[in-house]
Structures are given as structure tokens and as C-alpha cells.
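Accompanying notes for the structure given below.
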Amino acid sequence: MQIPVPTWFVGCGNMAGAMIDGWRMAGVDLSNAVAIRPSGTPVEGVTTVKSVKDAGAAPAMIILGFKPQQLDDVVPDLLPWITSKTIIVSLLAGVEAESLRRRFKKGIIVRAVPNLPVSVRRGVVALYADAIDEATRKAVGDLFAALGYAMWTDGEAALAGIGSVAGAGPAYVARFIAALAKAGEDQGLPAATAATIAQETVLGTAWMAAAAGMPMDELARRVASPNGTTEAGLSVLDRLDALNGLVTRTIDAARRRGAELAAEARGEQVA
Ligand SMILES: NC(=O)c1ccc[n+]([C@@H]2O[C@H](COP(=O)([O-])OP(=O)(O)OC[C@H]3O[C@@H](n4cnc5c(N)ncnc54)[C@H](OP(=O)(O)O)[C@@H]3O)[C@@H](O)[C@H]2O)c1
């Protein structure tokens, strides 16, 4: 598979770097990709430059991989390079297609909401485009499908929900694994052992559920025999719906921040 030639990664930190890792793992030809980042920190296997003026030939695709707050600093340098055919893929959390369209005027705008496991091709990527031809939609969809579970959403509104669950989700899962590991340490296990078994337990559980198509309630039931040890543990986790309440509040906070970023990109004052 070939990434459009050339593709510019404008901003290439954690997320764009993870996508590059995933595409490299998938055997995607990245020889014509250029990473543009002010630090010039090299990106393995990809030509890396510090600014747009050193990027070379006009891009067929641009991936916006900087922070949403930097949009207005970066756009002016990109505008001279954009034609009606340039594919502009924005990773910017919360920044709506309309806000991008207002700034770029030309180009095919795609919003992508990925998560970090794209680096190992087990990511979730939600895609949305307000106006895109079939061939471009297929090409972009195929490229992201190489990074894991990729889906086009019918409406842009779905991106916020997917972003707050899947985009941010690896951070929450990481916290849960760390808590499981700490509990293991509290039980007297060496730190390294506790960390490894916590991680492998979460990985194995998700893997098994995915392979068997097993609902989570059913999975929990299979572990917990009546009046046994796991059931004693679950009675704490489930008390007063504590975990559900905590996760709901966590996701709501991410949603609210996404709405603030969207408002900032629309030029609205955020309190
Ligand atoms: N991280 C996630 O899990 C995640 C999930 C979904 C969406 N996103 C979105 O992905 C985007 C990037 O997030 P990230 O976590 O990858 O951030 P990051 O690691 O901080 O990377 C930001 C990148 O932007 C570059 N940059 C800074 N100023 C720039 C400029 N003026 N012109 C061009 N590039 C510039 C930085 O350059 P240097 O490398 O030289 O410092 C860096 O490469 C954000 O918009 C975020 O909303 C992230």
C-alpha cells in the first residue's frame, strides 16, 4: 500500500508518530512522506524537516498532527500548497470540519479521531468528511484500516463520543492497569511481576472477548463462581454503581473539554 505521494505530517509527535509506526508495520511505503516539526527531531524512516519551506514538492495529502491551539499559527504556511485535490486529514481533537473549511477554503477535509494503539495496528480510528468523492473516501478508509478498526461516521457529532471513549480510552485503561498492578504490589508481589500480570490480564481479557465475541457480563459471570472470591471482589466494584459512575464522569469531562476546543476553533470565547 502506498501513502499519497507526497504526504506531509505537519506536527509529528505522539499521535502522528504512532500512525507512522503502524503504517510501517503494515508495510506501507513511506519513502515519500515528510515529517514537519519545529524541533526537527528525526522520525524513523521518514524525511524530517523543521518547517514547511523545507518540505519539498507540493503534498497530495497533509496530516495535521499538532495541537488544536496551534491551528492559526500553522495554517498560513500551508495555504499556498493547498489545491482543491489536496487531502487534509485533521487529527485535531474537537476542531470541527466547518472550522477547518473556514481556514483552508480549498482541499478535501477529513477528520480522523485515532487512538495510540494504531502504533501496533490495533487502534480505533473514526473518520468523517463533509464532502469527499468515492475514490478518495476508499483510499483514505483503506489507509486507516491498516491501523486497526477504522470506521466512517455518518455525522460529525459521533466523533466527539468516539474520541472521548476510544481516543482518550488508552489513558484510562492504562490507569486501570496501573491500579491493578498497585493492588498486586499491596498483596506482596514484586513490582515488576505485578505490572506484568496486570497488563497481561487486561490484554488477555480483551483478546478473549474479541475472539469469542463474548459480552462483558457473560465474561465476568464465567470468572465469578457463586459466593466465590471474584464475586466478593465484584460486590465492591459494583457497589452503588461506583465504577460506572466514575467512568461516566471521566468521559463527560473529556467531552466537555472537546466542546471547549471546538468552541475555541470556532473563534468563540471560552470561560
Ligand atoms: N495523543 C493522543 O492519544 C491523541 C488522540 C486523538 C487525537 N489526538 C490529536 O493529535 C494531535 C497531536 O497530539 P499529540 O498527542 O501527538 O501531541 P504531541 O505529541 O505534543 O505532538 C505535537 C506535534 O506538533 C508539533 N508542533 C508544535 N508546533 C508546531 C508548529 N508550529 N508547526 C508544526 N508542528 C508543530 C510538535 O513538534 P515537535 O515534535 O518538534 O515538538 C509535535 O511534533 C492533537 O491535535 C490531538 O488532539 C491525539
**OP:** Sort out which residues of the stretch 67-82 are open to solvent by less than 70 Å² (accessible area, probe 1.4 Å) and either among the basic types (Lys, Arg) or touching a Cys at 6+ places or on another chain (Cβ under 8 Å) (or both), and write them in order of number.
**Re:** none
Original post:
Take the residues of the stretch 72-82 that are within 9 Å of the ligand (Cβ to nearest atom) and in contact with a helix residue (DSSP H, G or I) (Cβ under 9 Å, 6 or more places away or on another chain): which is nearest to Ser39 (Cα to Cα)?
Top reply: Val74
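Could you say which residue among Leu127, Leu143 is buried (at least 20 other Cβ atoms within 10 Å of the Cβ) and either part of a loop (DSSP other than H, G, I, E, B) or within 15 Å of the ligand (Cβ to nearest atom) (or both)?
On the way: Leu143 fails: either part of a loop (DSSP other than H, G, I, E, B) or within 15 Å of the ligand (Cβ to nearest atom) (or both).
Leu127 is the lone residue from the list that is buried (at least 20 other Cβ atoms within 10 Å of the Cβ) and either part of a loop (DSSP other than H, G, I, E, B) or within 15 Å of the ligand (Cβ to nearest atom) (or both).
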**OP:** Exactly one condition in (1) within 9 Å of the ligand (Cβ to nearest atom); (2) open to solvent by 10 Å² or more (accessible area, probe 1.4 Å) is not met by Leu64; state its number.
**Re:** (2)
Original post:
Residues in the stretch 190-205: is at least one loosely packed, with under 10 Cβ neighbours inside 10 Å, without any contact (Cβ under 8 Å) to a residue 24 or more places away in the chain and part of a loop (DSSP other than H, G, I, E, B)?
Top reply: no
**OP:** Take the stretch 1-38 and flag every residue that is within 13 Å of the ligand (Cβ to nearest atom), within 20 Å of the chain's Cα centre (by Cα) and outside any helix (DSSP H, G or I).
**Re:** Trp8, Phe9, Val10, Gly11, Cys12, Gly13, Ala35, Ile36, Arg37
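In the stretch 39-78, what count of residues is obtained for those that are assigned to a loop (DSSP other than H, G, I, E, B) and of a type in the set (A, V, I, L, M)? Break it down stepwise before answering.
The first filter runs over the stretch 39-78 and keeps only residues assigned to a loop (DSSP other than H, G, I, E, B), leaving 39-42, 44-45, 50-51, 55-60, 65-67.
So of that shortlist, the ones also of a type in the set (A, V, I, L, M) come out as 55, 57-58, 60.
The total comes to 4.
The values are calculated or read from the model by the stated rules, or taken from the named source; none is laboratory data. A quick note: this is a predicted structure, and the numbers were derived from the prediction, not measured. Neighbour counts run over all protein chains shown; Cβ positions are idealised from the backbone, glycine included. Side chains are part of the model used for accessible areas, which takes the heavy atoms of the whole protein and leaves out ligands, DNA and RNA. Shrake-Rupley method; radii C 1.70, N 1.55, O 1.52, S 1.80 Å.
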